[in-house]
Amino acid sequence: MNSKPTFEKLVDETRHFFVETHGCEPSWMAAAPGRVNMIGEHVDYNSGLVLPMAINRFMIVAAARAVKDEITIVASSQQSETVSIPMSNPMESNKPSWANYVQGVMAGFQELGFDLPALRIGVHSNVPTGAGLSSSAALEVATATALEAILETSLDKKQKALLCQRAEHQFAGVPCGIMDQFISVFGQADNFLLLDCCDYSIKQVPFANEELAVLIIDSKVKHELASSEYALRQKQCKAAANALRVASLREVSPQRLKSKRNRLEPIEYRRAKHVITEIERTTRFVEALAAKDWTGAGELLYESHRSLRDDYEVSCTELDELVVLAQETGVEGGIYGSRLTGGGFGGCTVSLVEQDAIASVVERIASSLGRKWRQLEFFVTRPVQGAREIAMN
Ligand code: GLA
């Protein structure tokens, strides 16, 4: 099990990295968390309901004014790379690069009419990349939070999340939904975030229970399919909505889907079935939590996984195997439920686990898999606060 990463240590490391790279102390720093989605998967781009939480893993952006006015230099410790961003207005997106997330957010501030100074930027993080824990949204949101500090301004939170999503669409070419940016902005300690992606209304859902914990298992598997299949799922959902003559699948009840089944291709039907039942499951999961019905909540996680595996087809053997192991461990062994989380095709599972059983659950799963997946990583986290500026002293 990973030892508890401390925020202060990460901030110190960022400062060191910045000084080493840029030869001066940073003047501003900001942090934004990664996220895990409890339930409501692949429904944000269908105007559905999602229930993510911000996790105790952060992206930190440190900045100081540049020496030259024309160029912003961005260095990342994770990527071991330094990228130059010419300060044109409007900005042009570069060749594919992690730095496009930073640049896209800078461009968003320019569009709002801000005059950006050229900067030296250092990016450091303990959010694993490519694990489905939203390291890219955390980078966008941390950048936006740093820019707010630099420009001595404060954007409306919703506007900030949407600006970050636009950066990802326009500068990184990733057609993501809105969940990841919202949770990185709106996360609150000890709360899941119930986000209605239809009108962006939010509700904090308390998760302060001492008996329960959220266990994330990173399979360390990343299948190349992820991005092309993500775009394809969006298309299939759109096609299903068009065939059902609605603006989004959010408007369709399970009964209506059944009665209009003949309007859909079989594959569109299965995609729509996942989305529509998943939105319902999200509501039921929140109700189960409120009723302290952990077994019922856990069962909904397993149902969500089956739906993602069979109808939405975004799972993979490794994730399926982790969920089967969770199910074999069962409530008696301390696991209420488990499912893949995030876009799928690799990445992590999320499980609802009894706090006291964590050590035995981890031991059991790790030993069942033996040496097969030596790199498997387990971590437990409570919901943490969203993005914030870090005071400099
Ligand atoms: C990715 C996207 C999110 C969401 C999830 C699936 O993480 O960035 O917007 O669509 O996949 O729920």
Among Gln375, Gly343, Leu319, which residue has its Cα positioned farthest towards the positive end of the charge dipole of segment 281-375, with +1 placed on the Cβ of Lys and Arg, -1 on the Cβ of Asp and Glu, and the dipole taken about the Cα centre? Gln375
For segment 133-138, take each phi angle, set θ = phi - 60°, evaluate the Karplus expression 6.51 cos²θ - 1.76 cosθ + 1.60, and give the result in whole Hz per residue in order, putting x for glycine and proline. 10, 6, 5, 5, 5, 5
Once the dipole of the chain is set up with Lys and Arg at +1 and Asp and Glu at -1 on Cβ about the Cα centre, which of Asn46, Met179, Val141 lies farthest towards its positive end? Asn46
Take the eigenvalues of the Cα gyration tensor for segment 212-381, scale each by 5, and report the square roots as semi-axes in whole Å, largest first. 31, 20, 11
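At 0.36 nm per residue, minus the direct Cα-Cα distance, what do Gln204 and Val174 gain on full extension? Give it in nm, one decimal, please. If you can, show how the numbers build up before the last one.
Details: separation 30, 0.36 × 30 = 10.80 nm, distance 2.76 nm.
Length gained, Gln204 through Val174: 8.0 nm.
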Three principal axis extents, largest first, for the C-alpha atoms of segment 114-196, in Å? 35, 26, 25
Check: the chain dipole with +1 on Lys, Arg Cβ and -1 on Asp, Glu Cβ, in debye: 960
Using alpha carbons only, how many degrees (0 to 90, rounded to 10) separate the axis of helix 294-310 from the longest principal axis of the chain? 80
Say each of Glu389 and Arg65 gets a label point 7 Å from the Cα, pointing the same way as Cα to Cβ; how far apart are those two points in nm? 1.6
Most exposed to least, judged by fewest other Cβ atoms within 10 Å, Tyr336, Tyr101, Tyr302 sort to Tyr302, Tyr336, Tyr101
Could you tell me the distance between the Cα centroids of segment 318-393 and segment 52-84, to the nearest Å? 29
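First obtain the Kirkwood hydrodynamic radius of the chain from its Cα pairs, then insert it into the Stokes-Einstein equation at 20 °C and 1.002 mPa s, and state the resulting D in µm² per second as a whole number. Could you put the intermediate results ahead of the total?
Values: Rh = 21.5 Å.
Rounded to a whole number, D works out at 100 µm²/s.
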Under a cut-off of 27 Å between alpha-carbon atoms, report the lysines in cross-link reach of Lys273, not counting same-chain residues fewer than 8 places apart. Lys203, Lys222, Lys235, Lys238, Lys258, Lys260
Ranking Ile365, Ser304, Leu249 by how far each Cα lies towards the positive end of the charge dipole of segment 212-381 (+1 on Lys and Arg Cβ, -1 on Asp and Glu Cβ), the top one is Leu249
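With +1 on each Lys and Arg Cβ and -1 on each Asp and Glu Cβ, how big is the dipole of segment 142-221 about its Cα centre, in debye rounded to the nearest 20?
On the way: 6 positive and 11 negative charges, 54 e Å.
For this selection, approximately 260 debye.
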How much net charge surrounds Gln159 when only other residues with a Cβ under 14 Å from its Cβ are counted (Lys, Arg +1; Asp, Glu -1)? 0
Obtain the nm distance between the two label points defined at Glu287 and Lys238 by a simple spin-label model: each point lies 7 Å from its Cα along the Cα-to-C-beta direction. 3.4
What nm value, rounded to one decimal, do you get for the distance between Asp156 and Asn262 when each label is placed 7 Å out toward the C-beta? 4.7
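Quick note: the coordinates plus some simple rules give every number you see, no bench work behind them. Worth saying up front: this structure is predicted, and the values here are computed from it rather than measured. Glycine gets a Cβ as well: all are built from the backbone with ideal geometry, and neighbour counts include every protein chain shown.
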